[in-house]
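S.K.: Sharing a structure, written as structure tokens. Questions coming.
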Amino acid sequence: MRKFISTIPPQEVTNNFITAINAALVPFSGFRVYMTDSEKAGRSMAEDREGYVRLISRIANQFPDALSRSDAPDDLVTHLDYYDRLESNRLALLQALEVIQEISLGTATDIMTFADRYHANLKIARNHDASIDLAMREVDDWNARFGNRTPQEPENPEPTKEEEKKPTKDGEPPLDSPPTE
């Protein structure tokens with residue numbers, strides 16, 4: 001398997017990234033919205049409703065007299081423009097998140113490649129060195145507790161309905177078939 005991480009950047013690069021992300025959030029601090037769980041569960045514009053809302057906005061702007069006196073169609077236009085700008089911010093953050101996740105996955109893959117290769121070498125060496133064997137017992141305990149967590153197949157699984165109706169190896173009819181004379 002290929003090695004994904006060929007060069008590890010200096011810690012300054014990751015620290016600077018964290019600082020830049022945190023600094024990018026500062027201008028939004030005065031505009032942050034805190035919603036309760038019930039408010040979050042309320043009606044909001046989902047992706048599939050944006051076209052509907054934009055249509056309503058165009059019609060409301062064409063016929064402003066049809067709205068109540070307290071409603072101004074420009075309010076919806078302003079909120080839609082703001083939503084578009086926020087969406088651009090969200091996409092930039094998602095792009096950054098994807099980059100970080102892929103780098104992290106590549107690093108984690110390399111780590112397990114190293115660990116598997118080192119484990120195989122230590123497993124061979126433990127046959128000839130008692131101190132390595134003693135040290136590897138902790139690895140054995142770890143694997144016994146956490147390794148191979150897939151559900152085990154039962155030793156004698158129940159036959160399926162199809163298997164119950166198949167003749168036995170001897171050509172005898174299945175046990176649940178009616179007796180033949």
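S.K.: Here are Ala96, Ala120, Ala115: which of them is assigned to a helix (DSSP H, G or I) and surrounded by 13 or more Cβ atoms within 10 Å (Cβ to Cβ)?
M.R.: Values: Ala120 fails: surrounded by 13 or more Cβ atoms within 10 Å (Cβ to Cβ); Ala115 fails: surrounded by 13 or more Cβ atoms within 10 Å (Cβ to Cβ).
Of Ala96, Ala120, Ala115, the one residue that is assigned to a helix (DSSP H, G or I) and surrounded by 13 or more Cβ atoms within 10 Å (Cβ to Cβ) is Ala96.
S.K.: So, in region 19-54, how many residues would count as being surrounded by 10 or more Cβ atoms within 10 Å (Cβ to Cβ) and among the β-branched types (Val, Ile, Thr)?
M.R.: Looking only at that region, the number is 3.
S.K.: Cβ-Cβ distance below 7 Å, separation of 6 or more or different chains: which pairs start in region 45-74 with a residue that is within 18 Å of Glu87 (Cβ to Cβ) and modelled with pLDDT under 95 and end on one that is in a helix (DSSP H, G or I) and hydroxyl-bearing (Ser, Thr, Tyr)?
M.R.: That search, which allows pairs on different chains as well, returns nothing.
S.K.: Please go through region 1-15 and pick out each residue that is within 18 Å of Gln101 (Cα to Cα) and assigned to a helix (DSSP H, G or I).
M.R.: Those that are within 18 Å of Gln101 (Cα to Cα) and assigned to a helix (DSSP H, G or I): Gln11, Val13, Thr14, Asn15.
S.K.: Here's something else I'd like to know. So which residues in region 16-66 are part of a helix (DSSP H, G or I), of a type in the set (Val, Ile, Thr) and under 20 Å from Leu76 (Cα atoms)?
M.R.: Of everything in region 16-66, those that are part of a helix (DSSP H, G or I), of a type in the set (Val, Ile, Thr) and under 20 Å from Leu76 (Cα atoms) turn out to be Val53, Ile56, Ile59.
S.K.: Within region 67-82, restricting attention to residues that are not small (Gly, Ala, Ser) and not in a helix (DSSP H, G or I), which residue is farthest from the chain's Cα centre (by Cα)?
M.R.: Arg69
The values are calculated or read from the model by the stated rules, or taken from the named source; none is laboratory data. On a predicted model such as this, the values are computed, not experimentally measured, just so you know. All Cβ positions, even for glycine, are placed from backbone atoms using ideal geometry, and neighbour counts span all protein chains on display.
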